[in-house]
Amino acid sequence: MKKIFSYGLTVLLLLTVALAGCGGNHSSTPTSTKIYAATIGGLSISSDGGTTFVNRTTTEGLGSNIVHSIYVSGGKIYVATEGGLSISTDGGTSFVNKTNGLGSNVVTDVYVSGGKIYAATSGGLSISSDGGASFDNTTHEAKTGLGSNQVNAVYVSGGKIYAATSGGLSISSNDGASFVNRTSTYYDLASDSVIDVYVSGGKIYVATSGGLSISSDESGTSFVMKTFTLGATTYSVNGVCVSGGKIYAATSGGLSISSDGGETFVDKVFTDESEETLYGVYRVYVSGGKIYASTEGGLFISGDGGTSFVKKTTDNGLGSNEVYRVYVQ
């Protein structure tokens, strides 16, 4: 039976002059203090907590200036762009762009685990075992069980691959050879349009266009739905992160934080200085006691659990104020 919980947004307007941001990707245990921001104007890197950024573009070898996601592992920076997967071995000074075997050059997300690169693309899930020199691509048409060729995010945990697709959450236990697909029809996902996925503590957290779905096991046999509304508007959940016993949900209406396993949420709403423009949050990342929120209006960073945020923009060196994701290491 479906269990649905709805949360009305408490409009906590945070003036941008006092905003500190939060946003993110997959990991929550960094080893250093670099901030990587994926923007529509390049990859922006900060070594001073976000005070200043240097921006990398196609000039440095990126496949496109539109950057969707970042992953850092083994001294390499992996950048998912609209023109391929770009890899740096020198801290972001230069990049080599990879497209050989990708399902599409539009790479929406990247994850690295066990010596393999997992690239979510607009044409399937692509996996490389040779550092990105070549990829094997899995598609919906191959009848492997992948919910859709539009793969929006990928996560690897406990020997399983979790692919967030526009046709459901697809889970593989055999390195992508086949998938089982979880949908709203049979498994109570809030929507078949899955935008992000996170696995923690034996649970799957699924961000969808219809809300947040939480599974009690890593197989996703059933889900409990959480929806986020303001009046008649239901907000999509664009990203999810779990850290320190808290659930962070990035929504089209702001950032929602739960300290009780998703029973209740406290909402943070981001606006411009006039308080007339509401910024949707694309992703959230938690690391080193700070919350990072990537939004339509900049990168917001909080060092006090989300009570206040500081806003980072192109004035700080970001490639664009539209920040899709952030990664901290």
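Which residue pairs have Cβ atoms under 7 Å apart, sit 6 or more places apart or on different chains, and have a first residue in segment 37-55 that is on the phi > 0 side of the Ramachandran plot and a second that is small (Gly, Ala, Ser) and modelled with pLDDT of 95 or more?
GLY42/GLY319
Which residue out of VAL310, VAL284 is over 20 Å from VAL197 (Cα atoms), in contact with a strand residue (DSSP E or B) (Cβ under 8 Å, 6 or more places away or on another chain), part of a strand (DSSP E or B) and touching a residue at least 12 places away in the same chain (Cβ under 8 Å)?
Among VAL310, VAL284, only VAL310 is over 20 Å from VAL197 (Cα atoms), in contact with a strand residue (DSSP E or B) (Cβ under 8 Å, 6 or more places away or on another chain), part of a strand (DSSP E or B) and touching a residue at least 12 places away in the same chain (Cβ under 8 Å).
Would you pick out the residues in segment 232-260 that are farther than 30 Å from GLY288 by Cβ and either free of Cβ contacts under 8 Å to residues at least 24 places away in the same chain or in contact with a His (Cβ under 7 Å, 6 or more places away or on another chain) (or both)?
If the condition is that a residue be farther than 30 Å from GLY288 by Cβ and either free of Cβ contacts under 8 Å to residues at least 24 places away in the same chain or in contact with a His (Cβ under 7 Å, 6 or more places away or on another chain) (or both), then ALA232, THR233 are the ones that fit.
Of all residues in segment 138-171, how many are within 22 Å of ALA190 (Cβ to Cβ), in contact with a Ser or Thr (Cβ under 7 Å, 6 or more places away or on another chain) and not hydrophobic (A, V, I, L, M, F, W, C)?
Number of matching residues: 12.
Quick check: is even one residue across segment 316-323 in contact with a strand residue (DSSP E or B) (Cβ under 8 Å, 6 or more places away or on another chain), aliphatic (A, V, I, L, M), more than 21 Å from SER200 (Cα to Cα) and in a loop (DSSP other than H, G, I, E, B)?
The answer is yes; a qualifying residue exists.
Anything in segment 224-259 that is aliphatic (A, V, I, L, M), within 15 Å of VAL194 (Cβ to Cβ) and either part of a loop (DSSP other than H, G, I, E, B) or over 18 Å from the mean Cα position of the chain (by Cα) (or both)? List them, or say none.
MET225
Mind checking which residues of segment 287-307 are of a type in the set (S, T, N, Q) and outside any strand (DSSP E or B)?
Within segment 287-307, just THR307 meets the criteria.
So which residues in segment 81-94 are under 21 Å from THR33 (Cα atoms) and of a type in the set (A, V, I, L, M, F, W, C), if there are any at all?
ILE87
Quick one: is THR221 polar (S, T, N, Q) and outside any strand (DSSP E or B)?
Criteria met by THR221.
Read through the list (1) over 16 Å from the mean Cα position of the chain (by Cα); (2) over 15 Å from SER200 (Cβ atoms); (3) among the basic types (Lys, Arg), then give the number of the only condition that ARG283 fails.
Going through the list (1) over 16 Å from the mean Cα position of the chain (by Cα); (2) over 15 Å from SER200 (Cβ atoms); (3) among the basic types (Lys, Arg), ARG283 breaks only (1).
Which of the residues belonging to segment 216-230 are touching a residue at least 24 places away in the same chain (Cβ under 8 Å) and among the small types (Gly, Ala, Ser)?
Residues satisfying the conditions are SER219, GLY220, SER222.
Go through segment 165-212 and give me each residue that's in contact with an Asp or Glu (Cβ under 7 Å, 6 or more places away or on another chain) and within 14 Å of MET225 (Cα to Cα).
THR183, SER184, ILE204, ALA207
Identify all residues within segment 251-300 that are among the polar types (S, T, N, Q), buried (at least 24 other Cβ atoms within 10 Å of the Cβ) and in contact with a Gly (Cβ under 8 Å, 6 or more places away or on another chain); write none if there are none.
Residues satisfying the conditions are THR251, SER294, THR295.
Check ASP192, ASP217, ASP196 and return the single one that is of a type outside the set (A, V, I, L, M, F, W, C), at pLDDT 95 or above and more than 18 Å from THR295 (Cα to Cα).
Result: ASP192 is the single residue among ASP192, ASP217, ASP196 that is of a type outside the set (A, V, I, L, M, F, W, C), at pLDDT 95 or above and more than 18 Å from THR295 (Cα to Cα).
Assess whether ASP217 counts as being more than 14 Å from the chain's Cα centre (by Cα) and over 19 Å from LEU169 (Cβ atoms).
Judged against the criteria, ASP217 is not a match.
Quick one: in segment 222-246, which of the residues that are buried (at least 24 other Cβ atoms within 10 Å of the Cβ) and among the aliphatic types (A, V, I, L, M) is nearest to ALA190 (Cα to Cα)?
VAL237
Of everything in segment 140-159 that's free of Cβ contacts under 8 Å to residues at least 40 places away in the same chain and within 13 Å of ASP175 (Cβ to Cβ), which residue is surrounded by the most Cβ atoms within 10 Å (Cβ to Cβ)?
THR144
Return the total of residues in segment 173-215 being among the basic types (Lys, Arg) and over 24 Å from VAL286 (Cβ atoms).
So the answer is 1.
Given the options ASP109, ASP90, name the one that is assigned to a loop (DSSP other than H, G, I, E, B), out of contact with any Gly (no Cβ under 8 Å at 6 or more places or on another chain) and either more than 22 Å from ARG56 (Cβ to Cβ) or not polar (S, T, N, Q) (or both).
Answer to the check: ASP90.
The values are calculated or read from the model by the stated rules, or taken from the named source; none is laboratory data. Every value quoted in this text rests on a predicted model; they were computed, and no experiment measured them. Virtual Cβ from ideal backbone geometry, glycine too; neighbours counted across all protein chains shown.
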